[in-house]
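Report on one structure; see the data block that follows.
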Amino acid sequence: MKENFALARICPDCDEHILEAKLIQSSLLPTEGLRHEAVEIAFRFIPFSEVGGDFVDFFALPNGFVGIYLGDVVGKGLPAAMYAALVIGTLRGIHKSGTDTDSVLARLNERLLQRPLPGRFCSTLYALFNPATRELIFSNAGMPLPLLVSGTICRELGAGGLPSGLFPGATYGRHVVQLGAGDCVLFATDGLHESRNHEGVEFCTAELEEVWAQCGPKTAPASADFVFDRQVAFSNGSAPHDDITAAVLKVLP
C-alpha cells in the first residue's frame, strides 16, 4: 500500500499516461483483417498488461503483393511498447520500397543499431505473399517458426535467425514456400507458444500443432478464434506471462 501511495505521489497522472499509450499503440495496429484477391488475413493482439511489446501489421503493396510483419520486443509494459513503436516506424520506412524480405530485416537491424538502446532488441518476421503465384516469401529474425496446415499435413516453415537490433552485420535467410488454395499459415509470437497450464506445460509442446492442424477448412478469422479459444482452455485460468500476438494467412480458392 505504501508503495502504491508513493507511486501515486511521484506520478499522479500515470493512469492518464497509460491510457494515452494504449490509444497510441492501438493506432499502430490494424483496425481489422484484410481480404485481398487470393488471400485473407486475420490477427489477434493480447498485451500482457495495459500495453505490450508485440506488434503486427499487414498491407497491400503497389506491386500487388501483400506484406505482413509481426514481432516481439524484449521486455514488457510501457518501455517495450515504446521500443515496438520505434521498430514499427522503422519498418514502415523500409518495406514500402519493395525490397526483398531479407533486405528489409537487414536494414531494420542496421538502423536499430545506429542508436542502440542497452538491453533492447526484438524478434521480427517479415513476409510477402504473391497472389499471382501463391508464393509466400519470408525472412525470420528470431521469431517462432510459422506453422502451415495444407490438407492433412501440418509443418513448420523456414528457419530462425538473429534478433533485430542486437548483432551488427546480421544477415537473414529468404524462404520461399509454394502455397495452394485452402492452405493456412499461422504466424505467432512466443507468448502463444510458451503459454502454460497449471502444471507448467507449454501450449506449443502439448497442443499447438494439433490445434492448428484442425484449421484447414476454417476461414482466417475462425482459425484465429479457434487457436485462441483452445489456448485459453489449455491454460485453464493460468494468467498469461507474456504478450500474445498472432496473424493468420489463408489462401482463398
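Considering only the stretch 199-217, I want to know if a residue exists there that is open to solvent by 40 Å² or more (accessible area, probe 1.4 Å), farther than 28 Å from T99 by Cβ and assigned to a strand (DSSP E or B).
The answer is yes, given that some residue of the stretch 199-217 is open to solvent by 40 Å² or more (accessible area, probe 1.4 Å), farther than 28 Å from T99 by Cβ and assigned to a strand (DSSP E or B).
Exactly one of these conditions fails for I137: (1) open to solvent by 70 Å² or more (accessible area, probe 1.4 Å); (2) of a type in the set (A, V, I, L, M); (3) in a strand (DSSP E or B). Give me its number.
Unmet condition: (1).
Could you please find all residues in the stretch 33-64 being in a loop (DSSP other than H, G, I, E, B), within 15 Å of T133 (Cα to Cα) and open to solvent by 40 Å² or more (accessible area, probe 1.4 Å)? I'd like the intermediate steps shown before the answer.
Our first condition is that a residue be in a loop (DSSP other than H, G, I, E, B); within the stretch 33-64, this holds for 33, 37-38, 47-53, 61-64.
If we keep only those that are within 15 Å of T133 (Cα to Cα) as well, we get 37-38, 63-64.
Matches in the stretch 33-64: E37, N63.
In this structure, does G89 turn out to be touching a residue at least 24 places away in the same chain (Cβ under 8 Å), small (G, A, S) and open to solvent by less than 50 Å² (accessible area, probe 1.4 Å)?
Working: touching a residue at least 24 places away in the same chain (Cβ under 8 Å): no; small (G, A, S): yes; open to solvent by less than 50 Å² (accessible area, probe 1.4 Å): yes.
In short, no.
With the checklist (1) modelled with pLDDT of 95 or more; (2) over 18 Å from W212 (Cα atoms); (3) open to solvent by 40 Å² or more (accessible area, probe 1.4 Å) in hand, flag the one item E156 doesn't pass.
Result: E156 fails condition (2) only.
Could you please find all residues in the stretch 162-194 being within 15 Å of the chain's Cα centre (by Cα) and over 15 Å from I137 (Cα atoms)? Step through it out loud before you land on a result.
Here is the first cut: in the stretch 162-194, the ones within 15 Å of the chain's Cα centre (by Cα) are 163-164, 185-194.
P163, S164, A188, T189, D190, G191, L192, H193, E194 - these are the residues of the stretch 162-194 that are within 15 Å of the chain's Cα centre (by Cα) and over 15 Å from I137 (Cα atoms).
Out of P116, P144, I need the residue that is assigned to a loop (DSSP other than H, G, I, E, B) and surrounded by fewer than 17 Cβ atoms within 10 Å (Cβ to Cβ). Which one?
On the way: P144 fails: surrounded by fewer than 17 Cβ atoms within 10 Å (Cβ to Cβ).
Only one candidate qualifies: P116.
The values are calculated or read from the model by the stated rules, or taken from the named source; none is laboratory data. Everything quoted here is computed from the prediction, not taken from an experiment. Every residue, glycine among them, receives a Cβ derived from its backbone with ideal geometry; neighbour counts consider all protein chains shown. Accessible surface is based on the protein model in full, side chains and every heavy atom, while ligands, DNA and RNA are left aside. Shrake-Rupley method; radii C 1.70, N 1.55, O 1.52, S 1.80 Å.
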